[in-house]
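Quick notes on the structure that follows.
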Amino acid sequence: DNKQAQMSGDCPNEDIINKLNELMELHKVKGGSEDRWRVVSYSKTIRALRNHPTRIRSGNEARRLPGVGEKTAQKIEEIITTGDLQRIKYENTNDVEVIRLFQGIYGVGRSIAFKWYQAGCHTLEDLRARKGGVTLTVPQAIGLKYYDDINTRMPREEARAIFELIKPKALAIDPKLSVQIMGSYRRGKADCGDIDILITRPTDDGETHAGVLPRLLRELHASDILTEDLALPEDPEDLEATYRGLCHLPKVEGSRQRRIDFLTVPWTSRGAALLYYTGDDIFNRAIRLKANVMGYALNQKGLFKNVIRDPRDRRIKLDSGVLIASETEEEIFKILNVPWQEPHERVR
Ligand code: DCP
Ligand code: MG
Ligand code: MN
């Protein structure tokens, strides 16, 4: 079926999708208002092409797909007949390349990348020389220093090996902790961009995991597993805290620096947290949207009803509503009427 075709990459229109995707990515980097609606338009076309079971043979045929306009149909015609899309070369100017390169630095978004470009930095070496008097925050400087490592995905075996060093150290602090690896690893991916670790603890004995994270971080630094801090928890005593940093396999010659995220949550919100941090991000967007359509709101803390949003800006909550589910993933799926999906099925 289509899903199968999508996963195995033998979609009959894969070459067209790839070219349109390349163009879409360029517009994403540019990020102007025109670019943004182009991104929306190309993503619709790509979705339509993915769902189309047969090979598209002409621009006219493409024009009949849902959401495909005249200009996009012309581009598809060009890809079919020439195997290429000239617009990609036209959009792929030097600034786009450089801004994309800079966005690979931890903590750098489009606007900072653009600012540095304007200041005259066009390569990572320029940034290292602080050309044009640019300034980097401490985390950005670490991101620049380990640019290659951070932008290289690790084999899942390495994520597991690092996790297996960390988990016993956490359990040594408190054997009742729940310590789980999430993100792409939990989805079963063969490679991981980072290691995402969720920590929580049942409270039936009146205890909590308060204070565990700072202790664990200290021990991981002492044992040369953690190498750099990128973002420390705001309030380390809080049950809900996040940490971002770099780690590596200690005592392994030439082991690469890897990104690691820790997240602690109250025991009661573990299901919602697990759901959110398992992803993937597109799955999360879809399930959040489903919740919204049903009049609920879903986030990493739980599923809520009676949320009142500002009609002028739907992102603003006037009333945070009433919590209806957060302890297990299963109950959240159930209330949302979404058939259970194993983590490895939760992919775009
Ligand atoms: N997440 C999300 N939206 C974001 C960022 C993250 O919903 N903008 C959720 C879904 C992700 C999870 O958090 O799966 C972990 O985030 P990561 O950035 O670590 O992404 P993954 O682990 O899925 O992929 P990667 O292998 O690239 O780390
Ligand atoms: Mg991850
Ligand atoms: Mn992560």
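Some values worked out for this structure:
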read-out	value
Only one of I199, I142, I195 that is closer than 22 Å to H221 by Cα and either within 13 Å of ligand 2 (Cβ to nearest atom) or in a loop (DSSP other than H, G, I, E, B) (or both)	I195
Checklist (1) part of a helix (DSSP H, G or I); (2) in contact with a Pro (Cβ under 7 Å, 6 or more places away or on another chain) applied to T54, failing item	(1)
Selection status of R258, touching a Cys at 6+ places or on another chain (Cβ under 6 Å), within 15 Å of ligand 3 (Cβ to nearest atom) and under 30 Å from A161 (Cβ atoms)	yes
Exclusive hit being at pLDDT below 95 and in contact with a strand residue (DSSP E or B) (Cβ under 9 Å, 6 or more places away or on another chain), set I287, I282, I316, I335	I316
Restricting segment 221-230 to residues that are at negative phi and in a loop (DSSP other than H, G, I, E, B), the residue that is surrounded by the most Cβ atoms within 10 Å (Cβ to Cβ)	I225
Subset tally (residues that are touching a Ser or Thr at 6+ places or on another chain (Cβ under 9 Å) and crowded, with 19+ Cβ neighbours inside 10 Å) for segment 157-169	2
Any hit, segment 198-215, residues being within 16 Å of ligand 3 (Cβ to nearest atom), under 20 Å from the mean Cα position of the chain (by Cα), in contact (Cβ under 8 Å) with a residue 40 or more places away in the chain and closer than 22 Å to D238 by Cβ	yes
Subset tally (residues that are touching a Phe, Trp or Tyr at 6+ places or on another chain (Cβ under 7 Å) and either surrounded by fewer than 18 Cβ atoms within 10 Å (Cβ to Cβ) or in a helix (DSSP H, G or I) (or both)) for segment 75-116	7
Enumerated strands (runs of 3 or more DSSP E) restricted to segment 231-348, each holding at least 3 residues that are crowded, with 16+ Cβ neighbours inside 10 Å and away from ligand 2 (no atom under 16 Å from the Cβ)	296-299, 302-305
Hits in segment 172-197 (condition: under 16 Å from A241 (Cα atoms), among the polar types (S, T, N, Q) and within 16 Å of ligand 3 (Cβ to nearest atom))	Q180
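The values are calculated or read from the model by the stated rules, or taken from the named source; none is laboratory data. As the structure is a computational prediction, the values presented were derived from the model and not from experiment. Please note: Cβ atoms are built from the backbone with ideal geometry, for glycine as well, and neighbour counts cover all protein chains shown.
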